[in-house]
C-alpha cells in the first residue's frame, strides 16, 4: 500500500463579522451568522479530463471509498486583520 499526502492551502477574504470559535468537540469552526462551517477534504471526480469536464462528488460510492482511506486530517483556522 502507498501513502498519498494531499496538502491544501487556501486563503479566503471574509467579512469582519465572521469569527472562529471552538465547539464542544474541541475543534475550530467558522461562525457565519447562525451557521457553523468546518472545512474538510471533498474528493471530486470526472469521467473526462477535457476543458468542459464536470467535476463533482455525485459518485457516492467512489467518494466513500476515497474518504475511507483517510487516516489523518488536520484543519487550522486563523483570522488576520
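Every number here is computed from the coordinates shown, using simple stated rules; none is lab data. All figures in this text were calculated on a predicted structure; none of them were measured in a lab. When we count neighbours, we look across all protein chains shown, and the Cβ atoms used for this are built from the backbone with ideal geometry, even at glycine.
Among (1) more than 21 Å from residue 9 (Cα to Cα); (2) touching a residue at least 12 places away in the same chain (Cβ under 8 Å), where does residue 54 come up short?
Of everything listed in (1) more than 21 Å from residue 9 (Cα to Cα); (2) touching a residue at least 12 places away in the same chain (Cβ under 8 Å), residue 54 misses just condition (2).
Do you know which residues across region 17-32 are out of contact with any strand residue (DSSP E or B) (no Cβ under 6 Å at 6 or more places or on another chain) and without any contact (Cβ under 8 Å) to a residue 40 or more places away in the chain?
Selection gives 17, 24, 25, 26, 32.
Return only the number of the condition from (1) touching a helix residue (DSSP H, G or I) at 6+ places or on another chain (Cβ under 7 Å); (2) under 21 Å from residue 81 (Cα atoms) that residue 45 does not satisfy.
Looking at each condition in turn, residue 45 falls short on (2).
Could you grab me the full set of residues in region 41-81 that are over 25 Å from residue 23 (Cβ atoms), part of a loop (DSSP other than H, G, I, E, B) and in contact with a strand residue (DSSP E or B) (Cβ under 9 Å, 6 or more places away or on another chain)?
Listed by number, the residues that qualify are 44, 46, 55, 58, 59.
Please find, within region 19-32, the residue that is farthest from residue 81 (Cα to Cα) out of those that are under 18 Å from the mean Cα position of the chain (by Cα) and assigned to a loop (DSSP other than H, G, I, E, B).
25
For region 1-15, enumerate the residues that are over 12 Å from the mean Cα position of the chain (by Cα) and closer than 23 Å to residue 69 by Cα. Spell out how you get there, then give the answer.
Applying the first criterion (over 12 Å from the mean Cα position of the chain (by Cα)) to region 1-15 yields 1-5, 11-15.
Correct list: 1, 2, 3, 4, 5.
Could you run through region 26-55 and say how many residues are over 26 Å from residue 3 (Cβ atoms) and surrounded by fewer than 13 Cβ atoms within 10 Å (Cβ to Cβ)?
13
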